[in-house]
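The values are calculated or read from the model by the stated rules, or taken from the named source; none is laboratory data. The structure presented is a predicted model; accordingly, all values stated were derived computationally and were not measured. Neighbour counts are summed over all protein chains in view; Cβ atoms, including those assigned to glycine, are modelled from backbone coordinates with ideal geometry. Note: areas computed on protein heavy atoms with side chains; ligands, DNA, RNA excluded. Shrake-Rupley method; radii C 1.70, N 1.55, O 1.52, S 1.80 Å.
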Amino acid sequence: MTTFRISEAAALLGVSADTVRRWVDGGRLPASRDEHGRRLVPAAELAVFVRDAARRESAAEPGGPRFSSARNRMRGIVTDVRRDGVMAQVEIQAGPFRVISLMSREAADELGLEPGVVADAVVKSTNVVVELPE
């Protein structure tokens, strides 16, 4: 069975090792100890934990869950917007991820995208859709 050390699980989830330890100590995430006393999280249990947390977060969004075929949603902060006559390049830092979206200038203007704005990067296939949280 595949397992992850606390630090590996934290890196995969984009949280601190202390956060994962609190989840384990609180009984939210199962873990065992290896022969050296290090905590190990079963990969299958980590996958269930992440999936269930994502579902809870999605259901708790203001206005209820969104109905979209896109499943990869990352909330972040706009760090850069470059506009020219027709197009705009929008850069979002979502946790450890840097996401860049190309869109029409008109769309960027209508969304009011500027550095410091909180936005969701919605990834479907090779396209990135930018939405503002409700």
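Please tell me if GLY76 is under 29 Å from ALA53 (Cβ atoms), within 19 Å of the chain's Cα centre (by Cα) and not in a strand (DSSP E or B). Spelling it out, it is not the case that GLY76 is under 29 Å from ALA53 (Cβ atoms), within 19 Å of the chain's Cα centre (by Cα) and not in a strand (DSSP E or B).
Summed over the range 96-113, residues that are in a loop (DSSP other than H, G, I, E, B) and surrounded by 12 or more Cβ atoms within 10 Å (Cβ to Cβ) total 1.
Of note, PHE67 does not satisfy the criterion of being under 16 Å from the mean Cα position of the chain (by Cα) and at pLDDT below 90. Consider the range 91-110 and keep the residues that are hydrophobic (A, V, I, L, M, F, W, C) and touching a Lys or Arg at 6+ places or on another chain (Cβ under 8 Å). The one that is modelled with the lowest pLDDT is ALA94. Picking from residues in the range 81-95 that are farther than 30 Å from GLY14 by Cα and hydrophobic (A, V, I, L, M, F, W, C), the one that is least open to solvent (accessible area, probe 1.4 Å) is MET87. Number of residues in the range 22-49 that are open to solvent by 60 Å² or more (accessible area, probe 1.4 Å), touching a helix residue (DSSP H, G or I) at 6+ places or on another chain (Cβ under 9 Å) and in contact (Cβ under 8 Å) with a residue 24 or more places away in the chain: the value is 1.
Looking across GLU57, GLU61, GLU45, one residue alone is at pLDDT 90 or above and either among the charged types (D, E, K, R) or in a loop (DSSP other than H, G, I, E, B) (or both). It is GLU45.
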